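Let me begin by presenting the structure, written as structure tokens, before commenting on it.
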Amino acid sequence: MSSSTLKETSAVAETHTLSETQSLPDDTPRKGSFFNTVRRYIWDDPNKSPKEKWFLFKLDIFLLTISCLGYFSKNLDQANVSNAYVSGMSEALKMEGNELTYAGNVFTAGYVLGQLPAVILVTRIRPSILIPTLEIFWSIFTFCSAAVKTTSQLYAIRFLLAICEGTYFPTVVYIIGSWYTKSERGKRMTIFYATASFAGMFSGYLQAGAYKGLNGVLGHAGWQWLFIVCGIISLPIGIAGYFFYPDFPETTRAFYISKDEAEWAQKRLIADGMKPLGASPWDRTKISRIMKQWQFWVLPLGYFLVQGSYPIQQPAFALWLKSTGHSVYQINVWPTGHHASSHNIWFIVLAVWDVPVGLKYAAYYLTFTAAGVPGIYYAWFSDLIPHDHEMRGFVIAASNMFSYIQSIWWTLTVWRTVLSPRFHAAFIGAASLGVGLCILTVVLQFLEKHDTKKRALVDEGTSDEEIARADNT
């Protein structure tokens, strides 16, 4: 993607006035039947034009589907390590103490390294090339995970795999947010994020099936077959990505989007208040300018509160089941339900610990109700950063990166494997972070209203002095 192309795209986009986009269907709720009102809130406005409905249908079929499949395979791999650990890998590799925690931290280190470079590269290298290529590499590394003989080899493979996987989430969230409008974005992002829970469920069933049906086949243990099957699932998804990812509206070459549709899509987003790709391109001062804005500092903190408020750092339920003498099949299958239930009160129950066993089962399941929050939170990013396309991608990556960095010390402090199955401090900490997230949400609402008002004044040509006075009122 050349810089001249971005400049031309930006220049064209900036010349589109509101009058030029008035023919585009808006998302303002219209009067209609109760059924239409319900449809509008559950999915999209049924009064959208046939052209817009067809366009969104194609985006959902191709972009949303391939994004969900890729995220499914990514999270399937991450869940598989925990399932493999409790299904024979720990004994085969002679893992002791906190070595599962260390494997997770090595993965985190690689995952963090891949993120910020990815969201910069994806504005210069077509996403439909970059993302699938890295997916294919992580499929290969997943196959390699089945062949490890020592914990050192496991650490090395997990690090390389994490670099590839680390690019996926921020770039795909960035792309989804660059195609859908404000009223469409949250629903799609929630569906996208929900595939992580499906992966967690499927991994448990897959490991249980592999342990019972494939253990010993061709000389491989059940936990090794888990990685092999995971790689078989991931590889074709990566290949399909070359055809399904549409890049950005300003640069798309997707077979299912015509040139006229691409231009119309750009106007649609501009009418929704979004700045186009290239309006504020990357240069030597870009990062420093981003760091001067509150979004760079507040949103990553919020995402750490999101991630820290439910137990993703350790397979806590599975470790408790293992400590109480349950079978390998039960350890893999029983925890899958908490991904479907996917709060603070349930962490308090687990922190107390000395409660009836039935209540403890319920608490493990219901702590994952917070798993629905991240998708909504990331959809909010596009509303909070509509004024800078490139900055939005950077802050998405920074937030995910910050969350993973914080998870290193957070895991080593309260989620160490040797603390299982009690995890007393971890459950108290998760409940506290959940309360902090509730408070931060109110703060973000205030900041969003303030920024929206300020941008409206700028668009009206208000002087800097008047804007400053408005800030102080």
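Computed from the coordinates by the stated procedures, all read-outs in this text should not be read as laboratory data. Predicted model, so just to flag it, every value in this text is computed and none were measured. Virtual Cβ from ideal backbone geometry, glycine too; neighbours counted across all protein chains shown.
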Kirkwood-based Rg/Rh on the Cα set of segment 81-142 evaluates to 1.13
Listing ASP45, ASP247 by rising number of other beta-carbon atoms within 10 angstrom, fewest first, gives ASP45, ASP247
Each label sits 7 Å from Cα toward the beta-carbon; between VAL298 and ILE439 the label points are separated, in nm, by 1.5
Check: C-alpha center segment 142-208 vs C-alpha center segment 69-120, spacing in Å is 11
For LYS74, the lysines lying under 29 Å Cα to Cα, once residues fewer than eight places off in the same chain are dropped, come out as LYS58, LYS94, LYS149, LYS182, LYS187, LYS212, LYS322
Between LYS53 and THR150, Cβ-based FRET efficiency (R0 60 Å, step 0.05) works out to 0.65
Diffing segment 272-282: the Karplus 3J(HN,Hα) column from phi (6.51, -1.76, 1.60, θ = phi - 60°), in whole Hz with x for Gly and Pro, holds 8, x, 9, 7, x, 4, x, 5, 9, x, 5
Ordered by fewest other Cβ atoms within 10 Å, a rough proxy for footprinting exposure, VAL443, VAL173 read VAL443, VAL173
For segment 140-259, the convex hull over Cα atoms projects on average to an area in nm² of 9.3
